[in-house]
1. Taking H placed 1.01 Å from N in the peptide plane, check which residues at least 5 places from Ala20 or on another chain put their amide H under 5 Å from its amide H.
2. Determine the alpha carbon to alpha carbon distance for each of Lys34/Lys135; Lys135/Lys158; Lys87/Lys112; Lys18/Lys98; Lys34/Lys54; Lys25/Lys54 and list only those over 24 Å.
3. Going by a ≥ b ≥ c, the root eigenvalues of the Cα gyration tensor, does segment 138-177 fall in the rounded group (a/c under 1.5), the prolate group (a/b larger than b/c) or the oblate group?
4. Quick check: with the 1.4 Å probe, what order do Glu48, Glu16 take by accessible area, largest first?
5. Per residue of the chain, what 222 nm ellipticity follows from adding -39500 (n - 2.57) for every DSSP H run with n ≥ 4, rounded to the nearest 500?
6. With a 1.4 Å probe and all protein chains left in place, how much of the accessible area of the chain comes from carbon and sulfur atoms, in whole percent?
7. How far is it, in nm, from the label point at Ile182 to the one at Gln3 when both lie 7 Å from their Cα along the line to the Cβ?
8. When ligands, DNA and RNA are left out and all protein chains stay put, how many square angstrom of accessible area per residue does segment 1-93 have with a 1.4 Å probe?
Amino acid sequence: KSQIDSSNISFQKIVESKKAPYKYKIHASLEKAKNSTSGEEDVAILEELNKLIKNRDNRPYLGELYYQAGIIQRSHDTEMAIENFAKSLQTSSSSFQKGLSYEAIGNLYFDKAEFLLAGAYYDSILQFTENDNSKRLRRLIRRRNNLDEVIYYENVSKINDSILGVVSMTSEAQNDFFTAHIEKLKAECKIVWSDEED
């Protein structure tokens, strides 16, 4: 605790320094945010991060700022955390920062047992970090590979639930269901044919 306090004092001195380059001030603010240890601190730090995000001068740092806001929010508000990580993806030019944001979103969906979505975000990281042989990436690849079987059985379960849903319908409801499905397929075929004619 005392080390965190002393490091925060040092970071605050950098933030307030008139001589420090601007990028050091931003990174000092981010480091202070990483040192947050309580819910009360989180509120103040999120307010500070939001002020930095609104400042047009900080556009080059938006990916990192949104990411750090997401990190702080993930234990309080998962949806807001996901939203901030997604904004980090949109505003970041660094592939490393994008990888961190993809992983953070994937982990949140994994914790919510939404394995298909988690797998998709993990796949996104692997697309642009294939040359990276770090411990973090190897751990991520193992986690992603373990999801394959879970995703397969989740899809089988969804299909079975759909079939059982149709089977449990009355004959009239089944007839309506299949009629609507056939009409939908016909409409899709017309779109494909018209595209081919063009």
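1. Those qualifying (amide H under 5 Å, at least 5 residues apart or on another chain) number zero.
2. Lys135/Lys158; Lys18/Lys98, as the Cα separations exceed 24 Å there.
3. It is prolate, given that a/c is not under 1.5 and a/b is the larger ratio.
4. Glu16, Glu48
5. Taking each H run of at least 4 residues, the total per residue is -27500 deg cm²/dmol.
6. 53 percent
7. Inter-label distance under the simple model: 7.2 nm.
8. I get 63 Å² per residue for this part.
The values are calculated or read from the model by the stated rules, or taken from the named source; none is laboratory data. Predicted, not measured: the structure shown is a model, and the values here were computed from it. All Cβ positions, even for glycine, are placed from backbone atoms using ideal geometry, and neighbour counts span all protein chains on display. The area values use the complete protein model at the heavy-atom level, side chains included, leaving out ligands, DNA and RNA. Shrake-Rupley method; radii C 1.70, N 1.55, O 1.52, S 1.80 Å.
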